Amino acid sequence: MGIETYSIQVIELLSLGKTSDGGHQIEVAVTHEDKHATYVIDIDEFTFRGLEVLQPLNGGRARLSPYPKWDPYRNTYYCSLIKTTSVSRETLPYACSEEYLNQLKRIRQTDLPPIPMSEGGQDDGVKKPARNQARWLRQFPAQAPRVANLLLVMYVLLLVLSIPSEGKANAVNIINGPISEGKVVVTANDSNDLNDSIVPASMSNWDKEDLPSMVVAADQQQVQTQASIQPSADQVDYEVMDVAEEKIFGLPKNYIALTFDDGPSTHTQKIVDILTENKVAATFLFVGKNVERNPDAVTYASEHGMSIGNHSWDHSVLTKATPANQSKNLSMTSNLIESLTHASVTLFRPPYGAVNDELVNVAKKQHMKTLLWNRDPEDWNAKKPEDIIRYFHEVDVSGGVYVLHEDKNTVDALPAIINYLKEKNVTFVIFK
């Protein structure tokens, strides 16, 4: 069964601009199975500004995620935009209104027929669609430093605003917010050849690597706010740790992390439920082929606040592969996971722990940190749950990054493991 089996309705942004009367519009191409349509949508200025600052079609193509998050700290909804260029793929958040969400919801859930536009209609009123802006920018590469400065200012502001107060789960917690039904006006533009209309112009010669390092750091911080649907801070007993090291082996004293390899599987949901019931979380390292077979388990883990990383496509020894094959293996896995979670994958765990500098650099180029471990209960080889529990009693639990697997004995042992760790007064951590 191929990856395309799990593809959902794709909403691609074609243009972003203003009308002659000062309104704001976007044009989108909607693709689902063999159905294609384009729509011109009136949007509010608040959402328009959020999209505009991302320069979504500057040298690439952009896909709109129809799944919003609610940010209780800034009291607003956030959507995400997946921007793809010839050298990178990144998920960018933008603030949006409830009215805009209703419009996306209507497109996503309703089979809206394309409505032909009359001459001089809505589409003709758009002054500067983003596609034309992209062509203009390609003709004037000197504009790149100016755009970089604008991005620097905006991302630094977003970074400052995104820092919550200290405490458990001290990354921005995001929960689902209700989307109430409302009256929306959606006009459609008939397209007999949508495939031609959604092909973007050629890519620009500069990318995120050319921006100041401060922009890159701020961008990575903002991507983390799209990670998952999490409970509020007073409902959890763990912290989200953003680590700067390229390779992660262990944790500071009094911190521990539970990590689960080789999923998703039929055990994933049960593991997530046990963690959630105990108000803790874990980091799951998923294998691409298993993601194909169990897409719902990936979504379930993401929606319950778990951190999700890349454990290769096929669990092969990647140090034996060429850099090109390593890159393909990792990118296939990340792309599939991201299509389900709508969040960038920032963690990579090499199968069998087989790693070298070359593989670490390949992961780094895809904006992933390499997550290893320093505690191994060998639960995959345990005869019964008690064997796994005994390991935790025999080691110094503090500072441990535990590698576990999605096996029945591990599931049965997990409640006792969590209780024992809590008795040791250590702080649970998930990685981002």
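A few points about this structure:
- Meets criteria (under 27 Å from VAL345 (Cα atoms) and at pLDDT 85 or above) for LEU81: no
- Looking across segment 40-61 at every residue that is surrounded by 19 or more Cβ atoms within 10 Å (Cβ to Cβ) and in contact with an Asp or Glu (Cβ under 7 Å, 6 or more places away or on another chain), the one that is modelled with the highest pLDDT is identified as VAL40.
- Scan of segment 347-365 for residues that are closer than 30 Å to TYR78 by Cβ and either among the basic types (Lys, Arg) or modelled with pLDDT under 95 (or both), ordered by number: ARG349, LYS364, LYS365
- Of the listed requirements (1) of a type in the set (Phe, Trp, Tyr); (2) surrounded by fewer than 19 Cβ atoms within 10 Å (Cβ to Cβ); (3) modelled with pLDDT under 95, TYR300 misses just one: (3).
- Conditions (1) out of contact with any His (no Cβ under 8 Å at 6 or more places or on another chain); (2) closer than 21 Å to THR410 by Cβ: number failed by ARG349: (1)
Yes/no per residue for (1) more than 17 Å from ALA363 (Cβ to Cβ); (2) touching a strand residue (DSSP E or B) at 6+ places or on another chain (Cβ under 6 Å); (3) modelled with pLDDT under 95; (4) part of a strand (DSSP E or B):
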position: GLU245; (1), (2), (3), (4): no, no, yes, no
position: ASP262; (1), (2), (3), (4): yes, yes, no, yes
position: ILE274; (1), (2), (3), (4): yes, no, no, no
position: ASP296; (1), (2), (3), (4): yes, no, no, no
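- Unmet criterion (only one of (1) at pLDDT 85 or above; (2) in a strand (DSSP E or B); (3) farther than 22 Å from HIS342 by Cα; (4) not polar (S, T, N, Q)) for GLY22: (2)
- Scanning segment 349-361 for residues that are crowded, with 21+ Cβ neighbours inside 10 Å and free of Cβ contacts under 8 Å to residues at least 40 places away in the same chain yields one hit, PRO350.
- Hits in segment 242-284 - residues which are under 20 Å from VAL355 (Cβ atoms), β-branched (Val, Ile, Thr) and crowded, with 20+ Cβ neighbours inside 10 Å: ILE248, THR259, THR283
The values are calculated or read from the model by the stated rules, or taken from the named source; none is laboratory data. Keep in mind that what you see is a predicted model, and the values were worked out from it rather than measured. Positions of Cβ are backbone-derived with ideal geometry, glycine not excepted, and every protein chain shown enters the neighbour counts.
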